[in-house]
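Read the structure below first, then the notes.
The values are calculated or read from the model by the stated rules, or taken from the named source; none is laboratory data. On a predicted model such as this, the values are computed, not experimentally measured, just so you know. Here the Cβ is made from the backbone with ideal geometry for all residues, glycine too, and neighbour counts use every protein chain on show.
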Amino acid sequence: MKLKMPKLSFWQVFNISFGFLGVQIGYSLQSGNTSRILSALGANVEHLSYFWLAAPVAGLIVQPIVGLSSDKLWTRMGRRVPFILLGAIISALAMFFMPNSEHFASFIYPVLFGAFMLLFMDTAFNITMQPFRALVGDMVSEEQLNLGYSIQSFLINVGAVIGSLLPFILNWTGVANVPEAGQKVAPTVIWSFYFGGGCLLLSVLWTAFTTKEYPPQEYAQYHDLDNNKPKIKTSFLQLLKETPPTMIRLGIVQFFSWFALFMMWVYTTSGIAGNVWHTAATDSTSAAFNEAGNWVGVIFAAYSLFAAIYAMFMTKLANRFGRKSVYMWSLILGGLGLLSMVFIHDKHLLLISMIGIGIAWAAILAMPYAILSAVLPADKMGVYMGIFNATITIPQIAAGILGGAILSLVGGEAVIMLGVAGVSMLLAGFSVRFVK
């Protein structure tokens, strides 16, 4: 017999996702500084998108495996928490190593070591992030889903603000922003990664020790599952055939929105370095390029701050106007924000562009999962959340493969790639109309 899920207090819902704060600090440091690090290690701007392929490829492979495994697992710590802890430990180690890639030159070419650490780090991020998505679906009732994913979006964006601003703040406190003689990576970046790795571990430990997952029998009663019913093994192919139509249509929206985000993360530093600082992307060790890199951290923090603010109101907006309408208009505003960056030559005016991007980002982090959680079978929540991650990774893989070719088509102007991202985000917004 199905039991009504208990209504959790605000702080219980908050603690479930608190670990995502540290994960996002690390992820934002990766997003804002990977191109900067790889450029300093010797990567050409035309090849940057290929290095970034490590992240979505890792997610495409890892997240369905983690989702399926956590659906079947039960330990004294729960079913999702063990994976969250494992991923956090590996992520932190990779964050300590990546900015120090040049020191391993005697073993492997620095840019290759950096690329390997990017793959290692993102694989671990995926191990940690996927269970967080499923954990909210496991623990929170239908009536509190908007709240659960909005809090998760809020924490993600607070973490993103901190992670994005770290190099800028450290430079303001006196840490050098230009590599020391004979070095390749600026100390501000190195120390930011150290701090981010520590925050990641501490916040995940907080969630692990404050969240008690429902044991199997209780979980089954809350989700109307029959634990006494013989388990029928379902092949991965059969799972794909049984994919809910809503998930497929959301996948189209996800394709265009994550294609846009990937382009933004890869090309913003090079784009504004040329468009605002008028310095070549190949001059990666110059003061102007590193100043542009720090400002990217500031504007990325700004869109995360706007996203965090918007996330606080998104629950009420979704309850009043519907998840679909809020999702659609948020993405459209994000597309307009990205397009505006092409025409801006003043670094401060870029903050206006970040308002639209932040609104879109908050919606991307919450609305698809709130919509999806309501239609997924409870006993397959983890694996379908993992499969749904393909709608994040496949567009990034496509963008990574096509990025160099598109850059050549637009004359090598990295800032035009932000316009391409804007068009893609607008298409994502219009695609929401077809989600039922």
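Only a single criterion out of (1) at pLDDT below 85; (2) under 26 Å from the mean Cα position of the chain (by Cα) is not satisfied by Ile272, namely (1).
Looking at the range 342-359, which of its residues are over 21 Å from the mean Cα position of the chain (by Cα) and either part of a helix (DSSP H, G or I) or crowded, with 16+ Cβ neighbours inside 10 Å (or both)?
Result: Val342, Phe343, Ile344, Lys347, Leu350, Ile352.
Among the criteria (1) of a type in the set (D, E, K, R); (2) over 27 Å from Tyr384 (Cβ atoms); (3) in a helix (DSSP H, G or I), the one Lys324 does not fulfil is (2).
Applying the criterion of at least 2 residues that are more than 22 Å from the chain's Cα centre (by Cα), of a type in the set (Phe, Trp, Tyr) and farther than 25 Å from Ser192 by Cβ to the helices (runs of 4 or more DSSP H) found wholly in the range 1-92 leaves 10-17. Summed over the range 368-426, the residues that are charged (D, E, K, R) and within 15 Å of Tyr267 (Cα to Cα) give a count of 1. Checking Ala160, Ala186, Ala176 one by one, the residue that is surrounded by fewer than 22 Cβ atoms within 10 Å (Cβ to Cβ), of a type outside the set (Ser, Thr, Tyr) and modelled with pLDDT under 90 is Ala176 and no other. Scanning the range 236-245 for residues that are touching a helix residue (DSSP H, G or I) at 6+ places or on another chain (Cβ under 6 Å), modelled with pLDDT under 80 and surrounded by fewer than 22 Cβ atoms within 10 Å (Cβ to Cβ) turns up nothing. Checking the range 407-415 against the condition returns no match, with no residue being in contact with a helix residue (DSSP H, G or I) (Cβ under 8 Å, 6 or more places away or on another chain), within 19 Å of Ala307 (Cα to Cα) and free of Cβ contacts under 8 Å to residues at least 60 places away in the same chain.
If you go through the range 371-397 and keep only what is assigned to a helix (DSSP H, G or I), closer than 22 Å to Arg433 by Cα and over 18 Å from the mean Cα position of the chain (by Cα), you end up with Ile371, Ser373.
For the range 400-416, filtering for residues that are surrounded by 20 or more Cβ atoms within 10 Å (Cβ to Cβ) and within 20 Å of the chain's Cα centre (by Cα) leaves 2. Residues in the range 143-151 include at least one that is touching a residue at least 40 places away in the same chain (Cβ under 8 Å), more than 27 Å from Ala302 (Cα to Cα) and in a helix (DSSP H, G or I). Within the range 306-317, identify whether any single residue is farther than 26 Å from Asn146 by Cβ and either surrounded by fewer than 24 Cβ atoms within 10 Å (Cβ to Cβ) or free of Cβ contacts under 8 Å to residues at least 24 places away in the same chain (or both), and answer yes or no. Scanning the range 306-317, I find no residue that is farther than 26 Å from Asn146 by Cβ and either surrounded by fewer than 24 Cβ atoms within 10 Å (Cβ to Cβ) or free of Cβ contacts under 8 Å to residues at least 24 places away in the same chain (or both), so the answer is no. Of the residues making up the range 257-269, none is more than 25 Å from Val175 (Cβ to Cβ) and surrounded by fewer than 22 Cβ atoms within 10 Å (Cβ to Cβ).
Evaluated against (1) modelled with pLDDT of 80 or more; (2) closer than 21 Å to Phe18 by Cβ; (3) not basic (Lys, Arg), Thr123 falls short on exactly one condition, (2). One residue stands out in the range 26-46 among those that are more than 11 Å from Thr269 (Cα to Cα) and among the polar types (S, T, N, Q): the one that is modelled with the lowest pLDDT, namely Asn44.
Considering the range 129-142, and only residues there that are over 19 Å from the mean Cα position of the chain (by Cα) and in a helix (DSSP H, G or I), the residue that is modelled with the highest pLDDT turns out to be Met139. Condition check for Leu376 on (1) among the hydrophobic types (A, V, I, L, M, F, W, C); (2) closer than 23 Å to Phe20 by Cβ; (3) modelled with pLDDT of 85 or more: one failure, at (3).
Return yes when Leu331 is crowded, with 19+ Cβ neighbours inside 10 Å, among the hydrophobic types (A, V, I, L, M, F, W, C) and more than 21 Å from Gln152 (Cβ to Cβ) and no when it is not.
Numbers: crowded, with 19+ Cβ neighbours inside 10 Å: yes; among the hydrophobic types (A, V, I, L, M, F, W, C): yes; more than 21 Å from Gln152 (Cβ to Cβ): no.
Judged against the criteria, Leu331 is not a match.
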